[in-house]
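Each remark here refers to the structure printed beneath this line.
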């Protein structure tokens, strides 16, 4: 154990210096008091316990930060999963609604198809009946044509008979005339015969006249019968043609009804399949809704766990703040604290020189630098101190093994400069600029905002950077006179630093505060 011997003032002077924070628990005073050595053993035990507690606290904070980082990632993934599940649930509900609507429409189509099939079958039956009637009419037209033909023949026979009767009447009339002439020659003896011949002639004339009327009517009847026969023949041809067309139509319609029946059976099968899909979609929608509810529960639990981890981390940091005021002496933490204090003093001196040069180092009117993301800003003083401050920050980082960064920030987290490795010009590549273009930014995340506003003792915080690393951050407030300006902060992997410092690979500060 490293010790510092105080040769003057004795044991009580050492205790007063410990109380004022001017000595470490490793310091010893030359004393011959019998109570000195028990006190020194007690101080050694306290020192070892504080070192153990501090190291355990750092490990707890580091593990808590890692756990919180994973919890935040889990929370983000749970949030994304919950959103995806909610979107899936909404889509599932839409699909279920569409499926139900489709099922309803399909049932309507099936009902309409069945109704149309019934109408088509009824139409087919009526068409078959029409075909039977046409066939029957065709047969009747054939019989009617035969009757008309017979009527024509008989009408012609009547005409022939009428002609024959007219010829007989003419001959009879001629004979009656001859008989009258002969009766006239016979005188009184032939007078009676003349009367008979005259009556016979008159009768023959009447028969001839009547026969002429019969011939005229028979001719008219023959004309009508011929017209009827011709029209009947035309009608029969039309009926036969209609029958032929109807035969084709009936065959086509029969096939149409068969096809329609097959389609109707397919529609019924589709309706059944859609019904199954509808039931499956509704079941799936219910399961997706359950997944969404479970995802929401996981998100809430992860958020609660993250809050609990954050409380553990803050409690651990509060313990580190208490322990930071107790200097154990001779440890890597003491060396780091000395480096930080020296850094603070050099930064305060640099700011004081800038203020004496007329620069408004308390300027908070941040002016956005055009181009690039994340946003960067100029102030009234940053260009004046940029080069010198960058050299100081690089020197501090070189003196801290396993160091990630060294920063000077104002009370709002603004860093007027950064280490050279982080002070590249923006390229437009978000990943590159996030990691390599970090100067003149405002670091107002919870850790950065807290240390920037802190005007009390040293803070030791552990957190995940926006670049993904888990770092320990140690900081001290910076005052210009009595005014709080901001803070100096060093980010590092403390476990590696402690190992390097214990091996003697932590160089002493190589900068001056004056």
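Bear in mind these aren't lab numbers, they're just calculated from the coordinates by the rules spelled out. Bear in mind that the values here come from a model prediction, so they are computed numbers and not experimental data. Note that each Cβ is placed from the backbone with ideal geometry, even for glycine, and that neighbours are counted across all protein chains shown.
Worth pointing out:
- A viscosity of 1.306 mPa s and a temperature of 10 °C, combined with the Kirkwood radius over Cα pairs in Stokes-Einstein, give a translational diffusion coefficient for segment 122-282 of 70 µm²/s.
- The alpha carbon centroids of segment 181-251 and segment 482-506 are separated by 146 Å.
- Each peptide in 203-216, 450-463 receives the mean, over its residues, of other Cβ atoms within 10 Å, and ordering these scores from highest gives 450-463, 203-216.
- Extension gain for residue 284 to residue 167 (0.36 nm times residue separation, less C-alpha to C-alpha distance): 31.2 nm.
- When you restrict to C-alpha pairs under 8 Å that are six or more residues apart and normalise by the size of segment 379-514, the relative contact order lands at 28 percent.
- Between the beta carbons of residue 482 and residue 301, assuming R0 = 56 Å, the FRET efficiency works out to 0.70 to the nearest 0.05.
- Dimensionless Rg over Rh [segment 433-514; C-alpha; Kirkwood]: 1.00
- When the Cα atoms of segment 331-514 are aligned to their principal axes, the ranges along those axes come out at 46, 40, 27 Å in descending order.
- As a calculated quantity, the FRET efficiency between residue 97 and residue 129 at R0 = 56 Å, using C-beta atoms, amounts to about 0.75.
- Packing-based ranking, highest mean first, of 249-262, 332-345 given that Cβ atoms within 10 Å are counted: 332-345, 249-262
- Cβ-Cβ FRET estimate between residue 107 and residue 262, R0 fixed at 22 Å, reported to 0.05: 0.70
- Additional length obtainable on full extension of the chain from residue 244 to residue 353, 0.36 nm per residue less Cα span: 27.4 nm
- A straight chain from residue 224 to residue 455 at 0.36 nm per residue would run longer than the Cα-Cα distance by 69.7 nm.
- Highest-first packing order for the peptide set 103-116, 477-490 is 477-490, 103-116, based on the mean count of other beta carbon atoms within 10 Å.
- Across segment 122-282, C-alpha contacts under 8 Å between residues 6 or more apart give a mean separation that, scaled by the residue count, equals a relative contact order of 34 percent.
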